[in-house]
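Right, one structure below, let's go through it.
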């Protein structure tokens with residue numbers, strides 16, 4: 001077991017109540033971690049930030065590594081990632097719906113190194129990623145966490161109207177085949193080499209998308225995504241109010257004059273060429 005307060009030169013901080021609120025930089029702390037898992041985590045974060053357009057961050061906040069609980073945390077072989085702080089930008093995992101492309105770019109590369117990655121839509125993981133190596137890197141249709149990731153990138157990176165429910169059905173399989181064909185990746189996704197190529201290309205494409213300037217239309221899309229994920233009792237009323245705003249003549253005219261559409265095909269071609 002090794003004690004660390006940085007990783008790859010990035011300060012490791014803790015930001016949870018009662019001492020430091022979640023979403024802040026918190027305070028630097030020393031964490032204990034199993035040495036072989038540390039090597040895997042270092043390699044994963046090196047690849048993430050080598051590709052990330054924002055580069056290496058100043059601070060990563062973590063909810064814990066070695067924790068007195070069952071499972072991989074009890075052995076210092078799991079890492080909970082709360083937030084990432086660069087000099088001029090922050091990614092807080094709870095705010096996934098406002099930073100979808102950056103979030104999914106990071107997750108894509110994490111999944112190349114860790115067989116378990118629990119994300120924003122996985123139960124009880126809205127405010128952090130959990131990563132560990134208790135299973136091999138691969139795609140299994142029966143895996144809720146892996147299918148959630150797949151559905152998230154199908155919808156938010158590749159623009160497919162898939163339902164995000166963690167269940168791999170005909171809709172998810174069909175859209176996956178379409179995207180694999182577009183990326184020139186052999187199917188099925190359950191073949192490890194195909195899955196790894198998909199993770200790599202999707203991470204690069206997501207990072208390219210994250211570089212684009214945010215426009216009012218994108219902010220509205222983020223708002224619509226938030227509404228879609230509200231509890232059913234609240235969703236209808238909020239949706240009606242949002243639709244009333246969007247359907248107003250002056251609003252529609254204003255939005256119609258804003259051009260923000262990215263050329264996804266151009267980005268894909270630039271990555272796979």
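Couple of notes before you dig in:
- Residue 87/residue 222 FRET efficiency (R0 22 Å; Cβ-Cβ; nearest 0.05): 0.40
- Each of residue 141 and residue 75 was given a label point 7 Å from its Cα along the Cα-to-Cβ line. The distance between the two points is 3.1 nm.
- Prolate/oblate/rounded label for the chain (Cα gyration tensor, a/c 1.5): prolate
- The reciprocal of the average 1/r between distinct C-alpha atoms defines the Kirkwood hydrodynamic radius, which for region 7-78 equals 13.2 Å.
- For region 1-154, a/c is less than 1.5, where a ≥ b ≥ c are the root eigenvalues of the C-alpha gyration tensor. That puts it in the rounded class.
- Segment residue 243-residue 28, extension gain: residue separation times 0.36 nm, minus the distance between their alpha carbons: 72.9 nm
- Projecting label points 7 angstrom from Cα along Cα→Cβ for residue 250 and residue 122 puts them 4.7 nm apart.
- Residue exposure sequence - 49, 79 - by fewest surrounding Cβ within 10 Å: 49, 79
- For the chain, share of DSSP beta bridges that run antiparallel, in % to the nearest 5: 90 percent
- Just checking the listed ones, 89, 171, 151: in the Gaussian network model of the chain with Cα springs under 10 Å, the one fluctuating most is 89.
- Helix 192-210 axis, angle to the chain major axis (alpha carbon atoms, nearest 10°): 60 degrees
- Contour excess over end-to-end distance, with Cα ends at residue 262 and residue 191 and 0.36 nm allotted per residue: 22.5 nm
The numbers here are math on the coordinates, done by the rules we state, and not lab data. Since we're looking at a predicted model, the values are computed, not measured. Neighbour counts run over all protein chains shown; Cβ positions are idealised from the backbone, glycine included.
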